[in-house]
Amino acid sequence: MAPDPPVTGDARHAASSVTLGLRANLAQFSLLVLVNAFVGGMVGLERAVLPLIAEHDFGLASKSVILSFLVSFGIVKALTNLVAGRYAEVVGRKRLLVAGWLFGLPVPFMIMWAPSWGWVTAANVLLGVNQGLCWSMTVIMKIDLVGPNRRGLAMGLNESAGYGAVALAALASGYLASAYGLRPVPFFLGVAFAALGLGLSAVFARDTTAHARHEARVRYGGSAAAPLPFRDVFVRTSWGDPNLFACSQAGLVNNLNDGMAWGLLPLFFAASGLGVARIGMLAAIYPAVWGIGQLVTGALSDRWGRKWMIACGMWTQALGIWLIAAASRLVPQGERFGLWIVGAVLLGAGTALVYPTLLAAIGDIAHPGWRAPAVGVYRLWRDLGYAVGALLSGIVADLFGVAWAIVSVGGLTLASGIVVAVRMGHAPLPRPAGQEVGHGPL
């Protein structure tokens, strides 16, 4: 295992008064929920307007070129997740959280004043680092704080805050773009998000490494850490353990279809005659349902188990994606908007079933001593989905049209749910020693 992180004042305080549980850590947990809302807001600003900026401001026609910003974002975020998980035990959670916000500060300014599309792509490299560090740390820190009993609820609250903010920021940016133009006004919000996120993280957040070590001692009979090399964690999380493999591939495909929704759907709707305000509405509905739904689905996965919520969520996403594509072919133009809303709701509901449940499942399986790097490896594969989705859907859209790109992504999503159904096993949900053990399936 990696050496212990430096002992800071926060760490000394935590070591002397560590208590696991949501209620016991409510103030710090709530702070991290708010911080993650600002993390999500940074991404939400782009979802309605950035593909439109590519066409309108820079005259880009190739869908593959337009989606280049997602390729850079996805690869950088995925690799940053891996680094964040690997070094959370060495550097400390809080320091990585603050570092993530420092990378995020220049992003809105670079997009507002970008003289070429290359500047936008570079801004999304920094945004990938920001998201990889900040979102990973808020996830790991919340898992540390609550312990195993309410992990699904904790991840539901975390992801609900993040993607609820994505929805609100997408809706706000679409409205501001329709009223004031695509740049620079919509990105003023990003300046506020980054400044507030940095200030709260630097001043009020506390490191939670001691909570993870305390859980390890409680759950594993005095073993504070499992001596598992990082290479073994990578292999186990990626393909060696069938449950972790099922989670990793589902996470990749989930973000593959999210990348398609982010990069192609605004162009698809614009080509059908929708204005920026209505595109912003559709871009907001999907993450809004996703965000709100996780308030319920995360907690339900603690009671019902993880496996079938993940599989059914992937299949629901596929249905929503196909409905969006089919509406443009099967119904008159004036009737499509209602079906697109239904498709966006289904896509959001399916993602709500999947997203917090996957994170909770990783937390169930991984020993606290190597949980942070396992989360990092899972998030590596999950966020590589943005790059894979951008490349795949961009190439298919250029060759066969945007509708076929959407349909193909729906097919991959259906197949991923089948993989979960076949490969993910049934096992008791872990509980600390001395407490009743749940018997729901993974």
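Before moving on, here are some points about what is shown:
- Partners for residue 307 among aspartates and glutamates (Cα-Cα distance below 20 Å; same-chain residues under 8 apart left out): 159, 241, 364
- Taking every full run of DSSP H in the chain, the ones that stretch at least 15 Å from end to end by Cα along their long axis and average 0.0 or higher on the Kyte-Doolittle scale are 26-56, 68-91, 93-104, 117-146, 151-180, 188-203, 242-263, 276-304, 307-330, 336-365, 371-400, 402-423.
- Volume of the Cα convex hull of the range 118-236, divided per residue and given in Å³: 147 Å³
- Lys/Arg +1, Asp/Glu -1 at C-beta; the chain dipole; positive extreme among 265, 366, 124: 366
- The relative contact order of the range 143-287, computed from alpha carbon pairs under 8 Å that lie at least 6 residues apart in sequence, is 40 percent.
- Under the simplified labelling scheme, the residue 17-residue 339 pair shows an inter-label distance of 6.0 nm, with each label point 7 Å from Cα along Cα→Cβ.
- For residue 369, the amide hydrogen comes within under 5 Å of the amide hydrogens of 226, counting only partners 5 or more places away or on other chains and with H modelled in the peptide plane.
- With only Cα atoms counted, the range 260-354 has Rg and Dmax values of 14.2, 45 Å.
- Gained length - residue 55 relative to residue 303, 0.36 nm times residue gap less alpha-carbon distance: 84.6 nm
- Ellipsoid semi-axes for the chain, based on the Cα gyration tensor and the rule √(5λ), read 35, 24, 18 Å when sorted largest first.
- Site pair residue 418 and residue 180 shows an inter-label distance of 4.9 nm when each label is modelled 7 Å from Cα along Cα→Cβ.
- Highest-first arrangement of 37-45, 403-411, where packing means the average Cβ count within 10 Å: 37-45, 403-411
- Over the range 84-126, the reciprocal of the mean inverse Cα-Cα separation, the Kirkwood hydrodynamic radius, stands at 11.6 Å.
- Here's the picture: charge each Lys and Arg Cβ at +1 and each Asp and Glu Cβ at -1 in the chain, and of 350, 339, 212 the one pushed furthest to the positive end of that dipole is 212.
- Treating r as the C-beta distance of residue 26 and residue 217 and R0 as 22 Å, the FRET efficiency rounds to 0.45.
- Within straight-line reach of residue 77, meaning a Cα separation under 19 Å, sit the following lysines at least 8 residues removed in sequence or on another chain: 94.
- When each of the peptides 337-345, 205-213 is scored by the mean number of other C-beta atoms lying within 10 Å of its residues, the order from highest to lowest reads 205-213, 337-345.
- Each principal axis of the Cα cloud of the range 146-215 was taken in turn, and the coordinate range along them, longest first, works out to 52, 26, 11 Å.
- Ordering 158-166, 79-87, 392-400, 267-275 by mean Cβ neighbour count within 10 Å, with the highest value first, yields 158-166, 79-87, 392-400, 267-275.
Read-outs throughout are calculated quantities, based only on the coordinates presented, and are distinct from any laboratory measurement. These figures come from a predicted structure and were not determined experimentally. Heads up, the Cβs are rebuilt from the backbone with ideal geometry, glycines too, and the neighbour counts pull from every protein chain shown.
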